[in-house]
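First the structure, in the form of C-alpha cells, and then the observations on it.
The values are calculated or read from the model by the stated rules, or taken from the named source; none is laboratory data. Note that this is a predicted model, so its numbers are computed, not measured. As a convention, Cβ positions derive from the backbone with ideal geometry for all residues, glycine included, and neighbour counts pool all protein chains shown. To get the accessible areas, we keep the full protein, side chains included, count just its heavy atoms, and leave off ligands, DNA and RNA. Shrake-Rupley method; radii C 1.70, N 1.55, O 1.52, S 1.80 Å.
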Amino acid sequence: MTALPQFPYHRDPFASGSIRESDEDCDCCGQSRGVLFDGVIYTASTIKNLCPWCIADGSAANKFDASFFDADFCDDSGEAVALPKEFYQAVFDRTIGFATFNPFGWWVHCGEPAEYVSRQEPYDMIFECRICNKLHTIQDLD
Ligand SMILES: [Zn+2]
Ligand SMILES: [Zn+2]
C-alpha cells in the first residue's frame, strides 16, 4: 500500500483508528486507493467515502465544504484563542479526523496549533508543540 499523505497536525492516523481499508471509490476524486477516512465528516453534502489524499490537499474541504473536527483553538488553560484563518483551514479542514467524545480545544502553543500525537486511554489526548516540542494533555471525558 502507498504511504499516506503527511498530516502536519495529526501524527499517526492509523494508530488513531482514522483509516479503514476499502476498495470503494472516494466521493471526491473518484479513485479507489485502498484506504478511506474512517470518521465523522462535517458537511451538508451526502458523502460517505473520502480518501486521505483528498483531505490532505484540501480538495474535500473545497468541494463539499467539509471539515473533520468539532473543535476550537485553546491555550494552556483551556481558554479559546484566535489564530489566523490559515490555521483553521490547515487543522480543521485539511487534517484527517480522530474520534473524540466531545467538542474539544485544540492546543495552541508558541502561536501555532500543536500536533495531535495520540490518545492515552481513556480520556487523555496528547498534543506536542511543533515549535518547542512541549507536550500537553487535553482531557476528553465520556
Ligand atoms: Zn479522494
Ligand atoms: Zn511551544
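Looking only at residues of region 102-136 that are more than 16 Å from ligand 2 (Cβ to nearest atom) and buried (at least 17 other Cβ atoms within 10 Å of the Cβ), we find that the one that is farthest from Gly17 (Cα to Cα) is Phe104.
Taking the numbered list (1) free of Cβ contacts under 8 Å to residues at least 40 places away in the same chain; (2) part of a loop (DSSP other than H, G, I, E, B); (3) within 12 Å of ligand 1 (Cβ to nearest atom) in turn, Phe69 passes all entries but (3).
Within region 103-135, the set of residues being at pLDDT 95 or above and either of a type in the set (D, E, K, R) or in the same structural domain as Val40 (by TED's automatic domain parsing) (or both) comprises Glu112, Glu115, Arg119, Asp124, Glu128, Arg130, Lys134. Annotation: of all residues in region 79-101 being touching a residue at least 40 places away in the same chain (Cβ under 8 Å) and over 10 Å from the mean Cα position of the chain (by Cα), the one that is least open to solvent (accessible area, probe 1.4 Å) is Thr100.
For Trp53, are the conditions met, namely being in a strand (DSSP E or B) and either in contact with a strand residue (DSSP E or B) (Cβ under 9 Å, 6 or more places away or on another chain) or more than 16 Å from ligand 2 (Cβ to nearest atom) (or both)? No. Look at region 32-50: where a residue is among the hydroxyl-bearing types (Ser, Thr, Tyr) and a partner is assigned to a loop (DSSP other than H, G, I, E, B) and buried (at least 18 other Cβ atoms within 10 Å of the Cβ), sitting 6+ places away or on another chain with Cβ atoms under 8 Å, you get Ser32/Cys26; Tyr42/Ala66; Tyr42/Phe68; Tyr42/Phe69; Thr43/Ala66; Ser45/Ala66.
Taken residue by residue, region 2-18 has no member that is surrounded by 14 or more Cβ atoms within 10 Å (Cβ to Cβ), of a type in the set (D, E, K, R) and either in the same structural domain as Val108 (by TED's automatic domain parsing) or over 12 Å from the mean Cα position of the chain (by Cα) (or both).
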